[in-house]
Every structure is written in C-alpha cells, then in structure tokens.
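Written out below as structure tokens is the structure these notes cover.
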Amino acid sequence: MDRRSFLTLPGTAALLSVLKTLPAEAAEKDTLVIAIADTINSLDINRPGTNRPAYQVAVNAYDRLLSFGTKTNPDGSVSWDYHSLHGELAQSWQIAEDGMSVTFKLKPDAVFWDGTKVTADDVKWSLDRAVSIGGFPTTQMGAGRLTKPDQFEAVDPETFRVHFLTKSKLTLPDLAVPVAVVVNSKVAKAHATSTDPWAAEYLHRNPAGSGAFKVERWDPGQQLVYVRNDNWKGGPLPKLRRVIIREIPSQSTRRALVERGDVHLDFDISGKDAKELAESKKAKVIGAPVENAEYVLCPNFGFEPFRDKRVRQAIAYAVPYEQIFQQAAYGIGVRMFGAKQATPATIAWPQPFPFDTDLDRARALMAQTPYKDGIETTLSLDLSTADWSEPTALLIQENLAKIGIKTTIDRVPGANWRTIALLQKKLPLILDTFGGWLNTPDYYFYWAYVKDHLFNGGNYDNPEMAALVDKTLDMDEANPEYEPSIKRMIQIAFDDVPRIPLWQPNVESAMAANLQGYVSWFHRVPDCRPYVLT
Amino acid sequence: MRRRGKFFLIGSRLLQAIPAVIGIIIVTFILTRALPGDPAVYFAGPTADAQTIAQVRHALGLDHSLPIQFLYYLNDLLHGDLGQSISTGQSVGDELLHRLPASLELTLSGLLLAIVIAVPLGILAATRPDSWIDHACRFLVTSGVSLPTFFTGLALVYVFYYRLGWSPAPMGRLDVLFSPPPDITGFYTIDSLLTGDLETFRASLGQLILPACTLALFTLAPIARMTRASMLQVLGSDYVRTARAAGLSGRTVLITYAFGNAVLPVLTTLGMVFSFALGANVLVEKVFAWPGIGSFAVDALVASDYAAVQGFVLSMAILFVLLNLIVDVITTIIDPRVGSPA
C-alpha cells in the first residue's frame with residue numbers, strides 16, 4: 001500500500017470533517033503544511049521569554065502600522081526590501097514640517113478578528129506596551145528611538161501621531177519590525193490585572209489581532225494551525241485557507257518529509273541539505289543572504305597579543321577562507337574575503353574584506369611582533385551554532401598553528417554563551433555572528449564595533465569609530481556627509497580587523513515545486529501571507 | 001496472617017520511598033542551580049541590556065538567595081505548583097500532564113512489543129543452547145542494543161516511510177489531517193477506542209508502530225538474555241528433572257514448571273529495562289517528532305530552565321518509586337517465598 005492509499009483509507013472521513021464541504025482536490029490547494037525545527041513558546045511576541053520561532057505569530061496573525069516591500073534578486077528569488085515601506089494598518093503617513101513627528105491615517109475599514117474597529121487608541125496602547133513591558137521589544141523599539149509612552153498620541157480614532165525625541169532614519173522602519181504589533185486593546189485590557197497590567201498572561205495563549213491569519217489551534221510542542229481572516233485589510237487576501245505549522249526537531253526527518261511531499265515547506269534548512277537537495281532536485285530550494293549579517297572570527301582586545309594590530313592582521317591572512325566556505329557553509333552564502341582593493345568602493349554592508357589566505361604574509365607579520373615565538377590561546381564557539389562553527393574552528397585551528405598560534409577549541413553551551421562571550425567579553429578568540437534587523441551599516445557598527453556594546457564580543461575600542469557611529473546612526477542616508485562617514489568606518493574595519501568576516505550566511509528553505517510566493521525575511525520566520533499552492 | 005504480612009510489606013516499601021523523594025527534591029534543586037549558564041540572561045533575549053536582564057531575573061524569582069528560593073519552591077510544591085517552564089512557555093504541570101502520557105504510550109508499547117518477541121526467543125534459545133537458533137537470537141539482540149536508537153529510528157524511517165511508503169509520515173502522534181481524541185487517559189490509541197473513533201485509532205496506531213519498533217529493538221537484549229539465563233538454570237534443576245521423570249509432557253514441563261519459576265528474575269529485569277527505555281526515548285522522540293517528556297527535559301537542560309528540569313526529575317523519581325513498588329507487589333503476589341514468615 002502506498003502512502004496515498006494509506007491516507008485515503010482511514011483519512012477520508014476525518015479529512016471531510018476537518019474541511020467540511022470542500023472536495024479533497026481543493027483542500028490540497030488551500031491547506032499548507034510547514035515543518036519547523038524549534039518550538040513556538042508563545043503567541044505574544046512582546047511577552048518576556050518569547051523565543052525567535054514564535055515571532056512568526058506576530059508576522060502572520062498581527063498587523064503593524066507599516067510593513068516592508070519586497071524586491072526580486074538577480075537569481076529570481078524574492079527578498080524583503082528595507083528601503084520600501086508600505087502601510088499595513090496605516091492608509092498614509094506624513095512627517096511634520098519641523099521633522100519632529102509623524103502622523104498616520106489608519107485604514108478606516110480595518111477591523112480586529114472580533115469585528116471591532118482598529119482605532120488609534122489600540123495603536124497607542126500597543127506601542128505603549130512595547131516600550132514599557134521590558135525585555136527584547138523594549139530594546140528593539142529603543143533602537144528606533146521609541147522609548148516613552150508620551151511619544152505616542154491618539155489624535156482621533158483614525159489619526160495617530162508619533163513624536164520624536166531624536167530625529168532618526170531608524171524610527172519609521174522600526175515601526176515595521178515584528179515587535180511593533182497592534183493588539184486589540186479592548187480585549188487585552190479586559191484581561192489585564194494589577195500584577196500583569198499588559199495582559200501578557202492572556203495574550204500569551206489568546207492572540208487578539210487584526211492580522212491575515214487567526215490562530216485556530218495551538219498544541220504547544222506540536223503544532224500551530226492558522227486559518228485565514230477573510231476580513232483582513234492589511235494587504236492582498238492570502239490564497240491559503242489554512243496553514244499547519246508542525247514542529248519536527250530532527251533535520252533528517254524534515255528532509256524525508258519534504259522530499260516525500262508530506263510537508264510543503266521545510267523552513268530554514270542546513271547548508272548541507274540545501275546543497276544536496278538543490279543538486280538532486282528532489283525539492284525546490286530557495287534562499288537568500290541574511291541582510292546585515294555575517295559570521296566572524298573575533299580576537300578579544302582584553303587579551304594582550306590581540307591588541308597588536310599586526311597579530312590581528314596575521315590571523316586574518318591565516319584563515320583558510322575558501323576551504324571554510326566550501327566545508328562549513330557548503331558553498332552557500334556570500335564570500336566576505338578576497339576584495340581586490342584595500343579601500344571600500346561602496347557603502348554596501350557587509351562587503352568582502354581585502355584579506356585572503358596568505359600564510360607567508362601572516363608569518364611575516366607575526367615575525368614583526370613581540371609574539372614571534374608563538375601564542376597559546378583558546379578558540380571558543382557557541383555549541384548551539386556548532387553546525388557551522390565547529391568545522392570552521394577546526395580549519396582555523398589548523399592554519400593558526402602554522403603561524404605559531406596554538407589554539408585549543410572550547411565549546412560553550414548555548415545558555416552560557418551570551419553571558420561569558422557577549423556580556424562579560426572574557427573569551428580571547430571567538431566565532432560569532434550578528435545580524436541587524438534595521439538594514440544600515442551604522443546600525444551594524446553600533447552593535448558590533450563600539451566598546452561595551454553587546455555584540456562587540458572582542459570589545460574593540462576605537463574612539464574615532466565610536467564618534468562616527470554616533471554621528472551617522474540617526475543621520476539620513478541622503479545626507480551628503482553620510483556616505484564618506486560610512487566609507488571611513490568600513491576603512492577602519494578593514495585596517496584594524498577587530499572582526500574577521502568569514503561569510504554572509506543564507507537562510508535556505510526546501511519546498512514543494514508547486515509552492516510559490518516564498519520571500520526571504522530579516523526576521524528569519526516564515527511569512528505565510530503571500531504563499532500560494534499552484 | 002500471611003495476607004497481613006504482605007500489606008505490611010507494601011506499606012513499608014511506600015514509607016521507604018518518602019525519604020528518597022525528599023532527597024531528590026533537595027538534590028535536583030541544588031544541581032539545577034549548579035548548571036552552567038544564567039537563565040535570566042538567556043531568556044532576556046539577544047539584545048537585552050542590564051536593566052532588562054534584572055527585570056527578567058526578578059520575574060523568575062532568581063534575585064533571592066538560594067535558601068529563600070528553595071523555600072518558595074517548597075511552598076509552590078505543597079500547593080501542587082511546579083512552576084513555569086520558560087523555554088516552552090507553559091506551566092510545568094501542564095507540560096508533564098500532556099507529555100508523560102505520550103512518552104508512556106510509546107515506552108509501554110515498545111516494551112510490550114519487546115516482551116512478546118524476546119521472551120519466546122529466550123525460551124527457544126534456552127531449550128536449544130548453542131544451536132543456530134541460540135546464535136541467531138544472540139545476534140539479533142546484540143545488534144539491537146548496539147545500534148544507537150536514533151540510527152535505528154532513522155533507518156526504519158528511511159526504509160518504511162521514505163523508500164517503501166508503508167508507514168505514515170513521522171510527524172508526531174497524529175497525521176495533520178486528524179485532531180487528537182478527547183483527553184481521557186492521554187493515550188491516543190486508548191482514548192480513540194474509548195470514544196469509538198476507529199479512524200483516529202488506526203491513525204495513531206500507525207504513527208506509533210515505527211517508534212515503538214525502534215524502542216523494542218533496543219530493549220530486546222536484556223529481556224531475551226535474562227529469559228534465556230533464567231530458563232537454563234531452571235531447566236537444569238532437580239524438580240524439572242523429576243517432572244520429566246514423572247512422564248509429564250514437554251510442554252507442561254516447559255510452561256508450568258520451568259517458565260513459571262523462571263519468570264521472576266525476568267520481571268525484576270523489566271523494571272530496569274523500563275527505566276532505560278525511558279532514557280532511550282529522548283532520541284526516538286526527536287526522530288519521530290514525538291511530543292514526549294524526554295525531548296522536553298533535554299531542551300530544558302540546554303536552556304537552564306530550572307522549573308522544567310526540577311519538575312521532570314521529580315516526576316521521574318515518583319514514577320520509578322511507583323514502578324519499583326508495582327514490581328515488588330507483583331513479585332510478592334506470585335512468589336510464595338516473599339512475605340511469608342521466615
């Protein structure tokens with residue numbers, strides 16, 4: 001008995017009971033099954049403790065004031081476009097003449113799932129919540145210079161205003177990221193308590209939004225089922241009626257499922273699977289580089305030898321880049337090495353650094369330093385990223401030994417990594433990654449190249465860089481001073497190499513041939529709204 | 001007189017379990033605190049600053065001293081509250097309530113399958129020692145226990161799902177087209193039968209077969225080996241020789257006299273096998289996306305999710321105390337030597 005007849009025998013009755021009157025043929029076209037690796041631990045993105053896979057509920061079931069557009073890549077795949085903003089709940093928006101506020105007109109026909117109108121009061125309550133509840137949403141809102149409830153004003157039911165404390169180019173895009181969701185405040189307030197003023201316990205299990213999909217069923221640890229909201233006004237109505245998200249931890253099982261066609265989309269697959277599936281053509285593979293992200297090797301400035309620029313450059317010449325790119329990344333992603341010019345030609349970020357494997361040059365640089373007799377140190381990696389960081393570490397270890405740097409590899413458990421690598425910054429040499437949601441170079445430099453900032457695991461300290469970050473972070477990209485400043489920052493990064501870039505990673509997904517509409521997003525969760533089964 | 005002795009024995013076994021459980025509560029509390037990593041930092045998210053981490057630490061109650069945290073924990077336990085698992089976002093009590101039946105259904109069916117295969121195999125091997133049957137039996141059980149369960153699981157998926165297409169998609173306890181039966185025992189196969197929903201029963205049984213086989217292969221060895229050893233010993237004993245000399249049929253001798261006496265050590269082994277089958281569950285659950293307790297516990301450990309780890313260890317401890325008790329009670333009932341005055 002084959003899989004299909006197995007399904008039809010015991011399954012027909014249940015299929016009909018689930019899908020009521022639809023014939024099986026149509027049901028196949030409007031129900032999508034997605035496999036994901038990790039568990040979704042909440043339906044509320046703004047509740048403290050919500051994990052990354054859970055962000056997809058904010059994307060699919062909630063609306064924001066704004067959303068990003070999309071662009072087609074040279075290879076035909078589609079990615080989000082940081083520089084195009086659309087209204088999701090907003091009909092239009094207008095920056096004030098003094099540039100210190102923005103006024104949104106809400107779509108007059110936008111309604112929540114319970115049929116009540118989306119008003120400016122709901123928007124204000126939701127953004128007040130995001131800047132007040134603490135944890136990740138508050139930090140992310142702060143990145144867009146949104147920090148105080150006083151900044152948000154409900155002018156009338158259909159008019160909402162944001163007052164700026166600092167005029168910043170990051171504010172509007174920050175209103176389009178997943179955390180800036182608009183919640184049905186009447187429902188939420190009815191379930192708020194004195195110990196839980198933002199109804200986090202209620203919204204954790206009971207989403208109350210206006211988004212394209214409603215959550216029909218949530219079996220924590222197993223599955224999430226969305227059903228289409230036919231009254232959605234945030235964009236074109238999804239073609240799919242129902243989307244089933246299944247949590248399948250084993251990579252091999254997910255691959256078998258997508259190859260056999262029992263799931264339509266295996267979201268975020270390993271480089272190995274992406275390469276093999278693309279070659280075998282057993283499933284369609286689509287991926288795109290994660291914008292504003294790269295995998296790096298970071299020498300720590302707290303460790304004496306790494307304060308010497310020549311030692312850092314020697315390491316940058318010793319890394320076996322191409323071998324790492326083939327063996328750890330399976331050739332998927334963008335090479336961040338081998339630039340021909342020592343000065344940046346554009347302000348594109350990330351961009352390849354002017355380093356390539358050159359052991360003679362590395363040895364010559366080491367010979368000029370007081371450390372010519374060798375260094376002993378540890379090379380640390382985060383165990384939760386072991387799929388790429390472990391093979392990378394082994395290859396780097398081998399080459400560093402050739403220039404007299406003896407390393408032992410230290411595998412740090414995921415729960416411990418953030419504390420010792422990023423907060424305490426006490427590991428001498430780490431393999432790390434950072435990706436900025438807001439896609440501008442200054443935003444990346446702000447997090448990763450300024451002393452004591454979180455993702456600066458090597459604690460690089462350069463006053464000129466810090467001053468440039470300060471100057472450019474809020475500056476408009478059209479400002480004539482912007483481009484030269486960014487070029488200068490990239491130049492400093494080239495010369496000082498406090499972070500040695502290896503490659504820019506991709507997020508790849510495997511899917512059925514008849515699934516169309518896949519878009520690569522910075523938030524790295526599936527946005528099911530444009531998906532179509534043909 | 002004898003009956004009162006047995007009740008006394010069961011009662012004293014139960015009393016003996018109490019200090020064990022108290023000890024486990026204290027030890028798990030201390031051990032979870034000794035785990036590397038800081039849950040407040042972990043759960044505050046990737047971009048949290050010192051202030052947000054402090055907020056999360058306070059929300060988790062981790063800003064108190066250890067003895068105070070322990071008192072809070074004891075107080076919650078007394079009120080039946082096992083705390084909140086941060087990594088899954090559910091209360092630990094709910095998680096255990098939903099996941100324990102899933103794991104038990106899988107483990108028990110695997111074990112049942114193993115018994116059905118291993119016991120006759122062991123008897124057969126014992127009646128013909130050093131024959132080809134004995135060697136074949138030895139080969140099967142040794143390879144079963146030597147192969148890691150995730151490998152056996154993946155190999156079965158590859159052959160029976162991916163290649164042959166006989167088995168349903170390994171996507172957990174039920175295919176996407178079915179909704180779970182109403183919660184009565186938490187065992188999908190039993191609940192669907194109780195409510196007379198035959199389609200769901202067939203579907204959940206279909207999902208159960210491959211993971212149960214994986215576990216069964218892993219647990220064959222100790223059961224078959226113990227059956228064989230114990231049967232060999234019994235078959236060489238005086239009373240079996242006497243029974244044979246008295247002209248009883250081979251079958252009666254084997255089943256009534258020999259196996260009846262050989263079954264006790266097998267039963268004791270089963271208690272132990274059950275415990276390591278639960279351990280082997282972790283990987284089987286990962287391969288088959290089975291929403292059980294093993295994968296929950298491992299994920300909780302990796303994330304330093306204190307409440308979840310404590311709840312898991314405590315529930316396992318209680319489960320084992322109960323299991324040992326059940327084995328003891330059954331032994332007491334079927335073995336005339338236990339419980340009678342010396």
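Within the stretch A:416-534, which helices (runs of 4 or more DSSP H) (wholly inside it) include 2 or more residues that are basic (K, R) and either at pLDDT 95 or above or out of contact with any Cys (no Cβ under 6 Å at 6 or more places or on another chain) (or both)? Break it down into steps so the answer makes sense when it comes.
Numbers: elements: A:441-448, A:463-472, A:482-496.
Where helices (runs of 4 or more DSSP H) fall fully within the stretch A:416-534 and carry at least 2 residues being basic (K, R) and either at pLDDT 95 or above or out of contact with any Cys (no Cβ under 6 Å at 6 or more places or on another chain) (or both), they are A:482-496.
Pull up the stretch A:420-461, narrow it to residues that are out of contact with any strand residue (DSSP E or B) (no Cβ under 9 Å at 6 or more places or on another chain) and among the aliphatic types (A, V, I, L, M), then point me to the one that is farthest from the other protein chains (Cβ to nearest Cβ).
Checking each candidate, the answer is A:V450.
The rows are residues; the columns are (1) in a helix (DSSP H, G or I); (2) within 27 Å of the chain's Cα centre (by Cα).
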position	(1), (2)
A:H86	no, yes
A:D109	no, no
A:W113	no, no
A:G142	yes, yes
A:T147	no, yes
A:E153	no, no
A:T166	no, yes
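State which residue is farthest from A:M511 (Cα to Cα) when the search covers only the stretch A:47-84 and only residues that are over 14 Å from the mean Cα position of the chain (by Cα) and in a helix (DSSP H, G or I).
A:A61
Pick from B:T219, B:T242: which is β-branched (V, I, T) and either outside any helix (DSSP H, G or I) or at pLDDT 90 or above (or both)?
Answer to the selection: B:T219.
With the stretch A:209-312 as the region, which strands (runs of 3 or more DSSP E) entirely inside it contain at least 3 residues that are more than 18 Å from A:P526 (Cα to Cα) and in contact with a helix residue (DSSP H, G or I) (Cβ under 7 Å, 6 or more places away or on another chain)? Give the derivation first.
Numbers: elements: A:213-219, A:223-228, A:242-247, A:265-269, A:284-289, A:293-299.
Ranges flagged: A:293-299.
State yes or no: is A:Q140 more than 26 Å from A:K214 (Cα to Cα), out of contact with any helix residue (DSSP H, G or I) (no Cβ under 6 Å at 6 or more places or on another chain) and surrounded by 20 or more Cβ atoms within 10 Å (Cβ to Cβ)?
Numbers: more than 26 Å from A:K214 (Cα to Cα): no; out of contact with any helix residue (DSSP H, G or I) (no Cβ under 6 Å at 6 or more places or on another chain): yes; surrounded by 20 or more Cβ atoms within 10 Å (Cβ to Cβ): yes.
No, not satisfied.
What about B:A17, is it within 14 Å of another protein chain (Cβ to nearest Cβ) and among the small types (G, A, S)?
Judged against the criteria, B:A17 is not a match.
Among the residues of the stretch B:145-178, which ones are more than 8 Å from chain A (Cβ to nearest Cβ), part of a helix (DSSP H, G or I) and not aromatic (F, W, Y)?
B:V145, B:S146, B:T149, B:T152, B:G153, B:A155, B:L156, B:V159, B:R163, listed by residue number.
Residue by residue through the stretch A:394-419, note down the ones that are more than 9 Å from chain B (Cβ to nearest Cβ) and free of Cβ contacts under 8 Å to residues at least 24 places away in the same chain.
Within the stretch A:394-419, A:L394, A:Q397, A:A401 qualify.
Do you know which residues across the stretch B:179-199 are at the interface with chain A (Cβ under 10 Å from one of its Cβ atoms) and over 18 Å from B:A289 (Cβ atoms)?
B:D197, B:L198, B:E199
Being in contact with a Gly (Cβ under 6 Å, 6 or more places away or on another chain) and within 14 Å of chain B (Cβ to nearest Cβ) is the filter here, so list the residues in the stretch A:136-169 that pass it. Outline the logic, then answer.
Residues of the stretch A:136-169 that are in contact with a Gly (Cβ under 6 Å, 6 or more places away or on another chain), as a first pass: A:136, A:167.
Listed by number, the list holds a single entry, A:F136.
Quick one: which of B:A258, B:A277, B:A297 is part of a helix (DSSP H, G or I), within 19 Å of B:S230 (Cβ to Cβ) and of a type in the set (A, V, I, L, M)?
Just one listed residue meets the conditions, B:A258.
Out of the residues in the stretch A:295-331 meeting the condition of being within 15 Å of A:G374 (Cβ to Cβ) and of a type in the set (A, V, I, L, M), tell me which one is surrounded by the fewest Cβ atoms within 10 Å (Cβ to Cβ).
Per the criteria, the residue is A:V311.
Take the stretch A:313-335 and flag every residue that is assigned to a helix (DSSP H, G or I) and under 18 Å from A:D382 (Cβ atoms). Steps first, please.
Filtering the stretch A:313-335 for residues assigned to a helix (DSSP H, G or I) gives A:313-318, A:321-327.
Answer for the stretch A:313-335, where residues must be assigned to a helix (DSSP H, G or I) and under 18 Å from A:D382 (Cβ atoms): just A:I324.
Hey, among B:P222, B:P211, which residue is touching a residue at least 24 places away in the same chain (Cβ under 8 Å) and within 25 Å of B:Y162 (Cα to Cα)?
B:P211
Being within 14 Å of chain B (Cβ to nearest Cβ), at pLDDT 95 or above and out of contact with any strand residue (DSSP E or B) (no Cβ under 8 Å at 6 or more places or on another chain) is true for just one of A:D174, A:D230. Which residue is that?
A:D174
Please find, among A:S280, A:S194, A:S250, the residue that is away from every other protein chain (no Cβ under 14 Å) and of a type in the set (S, T, N, Q).
Details: A:S280 fails: away from every other protein chain (no Cβ under 14 Å); A:S250 fails: away from every other protein chain (no Cβ under 14 Å).
On inspection, the qualifying residue turns out to be A:S194.
Condition check ((1) outside any helix (DSSP H, G or I); (2) within 21 Å of A:P501 (Cα to Cα)) across all residues:
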site	(1), (2)
A:Y371	yes, no
A:D387	no, yes
A:A393	no, yes
A:Q397	no, yes
A:A401	no, yes
A:T407	yes, yes
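Just to be sure I understand the filter: pairs with C-beta atoms under 6 Å, separated by 6 or more residues or on different chains, first member in the stretch A:128-156 and under 20 Å from A:P173 (Cα atoms), second member basic (K, R) and part of a strand (DSSP E or B). Which pairs pass?
A:E153/A:R161
Within the stretch A:201-224, take every residue that is surrounded by 21 or more Cβ atoms within 10 Å (Cβ to Cβ) and out of contact with any Gly (no Cβ under 8 Å at 6 or more places or on another chain) and give me the one that is nearest to the other protein chains (Cβ to nearest Cβ).
Selected residue: A:G221.
Out of all the residues in the stretch B:198-221, which are surrounded by fewer than 20 Cβ atoms within 10 Å (Cβ to Cβ) and farther than 15 Å from B:L108 by Cβ?
B:L198, B:E199, B:R202, B:G206
Against the condition hydrophobic (A, V, I, L, M, F, W, C), under 27 Å from A:I420 (Cβ atoms) and buried (at least 16 other Cβ atoms within 10 Å of the Cβ), how does A:A362 come out, does it pass?
Here the answer is no, as A:A362 does not meet what is asked.
Does A:L127 fit the bill of being in contact with a Leu (Cβ under 9 Å, 6 or more places away or on another chain) and part of a helix (DSSP H, G or I)?
Yes, satisfied.
Residue by residue through the stretch A:55-74, note down the ones that are buried (at least 23 other Cβ atoms within 10 Å of the Cβ) and either within 18 Å of A:T139 (Cα to Cα) or within 14 Å of chain B (Cβ to nearest Cβ) (or both).
Correct list: A:V57, A:A58, A:R64.
Report yes if B:A118 is away from every other protein chain (no Cβ under 14 Å) and part of a helix (DSSP H, G or I), otherwise no.
So B:A118 passes the test.
Could you list, in sequence order, all residues of the stretch A:168-192 that are hydrophobic (A, V, I, L, M, F, W, C), part of a loop (DSSP other than H, G, I, E, B) and under 15 Å from A:E88 (Cβ atoms)?
Selection gives A:L175, A:A176, A:V177, A:V179, A:A180, A:V181, A:V183.
The values are calculated or read from the model by the stated rules, or taken from the named source; none is laboratory data. Given the structure is predicted, the values throughout are model-derived calculations rather than measurements. All Cβ positions, even for glycine, are placed from backbone atoms using ideal geometry, and neighbour counts span all protein chains on display.
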